[in-house]
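Participant: Just dropping this structure here.
The values are calculated or read from the model by the stated rules, or taken from the named source; none is laboratory data. All values reported here derive from a predicted model rather than from experimental measurement. Here the Cβ positions follow ideal geometry from the backbone for every residue, glycine too, while neighbour counts run over all protein chains shown. Surface accessibility is based on the protein's heavy atoms, side chains included, excluding ligands, DNA and RNA. Shrake-Rupley method; radii C 1.70, N 1.55, O 1.52, S 1.80 Å.
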Amino acid sequence: ARPPATSATRSRSRTPSDMAEFVLERVISAAPAHVFAIALDPGLHLRSMARYGETMVEAPAGGVFSEGSTVTWRARHFGIPFRLRSIVYDVDPPRGFRDRQISGPFGAFWHEHVFQEHPQGTLMRDTIRFHSPFGPIGRLVDRLVLREYMRRLIEARNDQLAAEAEAEADGHGRTLPA
């Protein structure tokens with residue numbers, strides 16, 4: 001039997017060539033548990049996406065992401081208003097968690113967050129996989145425009161996360177390339 005549509009593990013059968021993917025790694029001068037906790041704060045996402053006017057239409061219960069939390073975001077990208085609803089799952093403190101789109105502008109969107117101990121603090125790794133709707137045209141848009149745009153959005157989020165984690169950890173931490 002097929003899992004229900006809201007299942008965190010449901011996936012459409014897509015081949016890797018159908019999916020846009022990128023991985024970002026960054027070393028943050030703070031403990032993994034601290035970086036993990038900040039990453040689960042929906043306010044971090046809002047602060048990092050403020051220039052896009054992103055708002056939270058539906059907040060997670062308890063004000064922080066946890067296993068099974070859902071959230072609905074509203075934003076404007078490329079001059080087009082979007083709503084994206086996602087679910088958080090596979091929460092494994094302080095090692096990582098995942099989220100994926102339940103409904104929204106993508107044909108599919110998955111984000112894996114991993115936090116590993118590193119001699120200078122935490123190695124944070126984000127793996128993003130997505131595809132746009134509209135078949136071959138969507139794949140072309142993903143390759144030509146959207147992959148790089150999404151990479152910049154996640155980097156902006158990671159800049160904000162690193163700045164907050166390091167400021168709280170020691171007041172003058174620095175972010176090192178992975």
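Participant: Suppose we keep just the alpha-carbon trace of the chain; what are its Rg and Dmax in angstrom?
Facilitator: 16.2, 53
Participant: I'd like to compare 87-97, 54-64, 68-78, 24-34: which one has the highest average count of other Cβ atoms within 10 Å, and what's the full order after that?
Facilitator: 24-34, 87-97, 68-78, 54-64
Participant: Provide the FRET efficiency to the nearest 0.05 for the Arg85-Ala167 pair, computing r from the beta carbons and using R0 = 30 Å.
Facilitator: So, using R0 = 30 Å, E works out to roughly 0.45.
Participant: Under 1.5 on a/c is rounded, so check that first for region 23-70, then, if it is not, pick prolate when a/b is larger than b/c and oblate when it is not; a ≥ b ≥ c are the square roots of the alpha carbon gyration tensor eigenvalues.
Facilitator: oblate
Participant: Whole number in Å², please: accessible area per residue of the chain, 1.4 Å probe, ligands, DNA and RNA not counted.
Facilitator: 52 Å²
Participant: Right, another one. Per 0.36 nm of contour for each residue apart, how much would the distance between Phe78 and Arg147 grow if the chain were fully extended, relative to their Cα-Cα spacing?
Facilitator: Here the segment from Phe78 to Arg147 would lengthen by 23.5 nm.
Participant: Could you tally the net charge around His45, taking each other residue with its Cβ under 11 Å from the Cβ of His45, Lys/Arg +1 and Asp/Glu -1?
Facilitator: The answer is -1.
Participant: Related question: Let me know the shape class of region 89-147, please: from the alpha-carbon gyration tensor, a ≥ b ≥ c as square roots of the eigenvalues, rounded when a/c is under 1.5, otherwise prolate if a/b is greater than b/c, or oblate.
Facilitator: oblate
Participant: I would also like to ask the following. Could you please state how large a percent of the accessible area of the chain is carbon and sulfur, counting protein chains only and using a 1.4 Å probe?
Facilitator: 55 percent
Participant: Right, something else. Per-residue counts of other Cβ atoms within 10 Å, averaged by peptide: what ranking do you get for 130-138, 157-165, highest first?
Facilitator: Taking the mean over residues of other Cβ atoms within 10 Å, the ranking is 157-165, 130-138.
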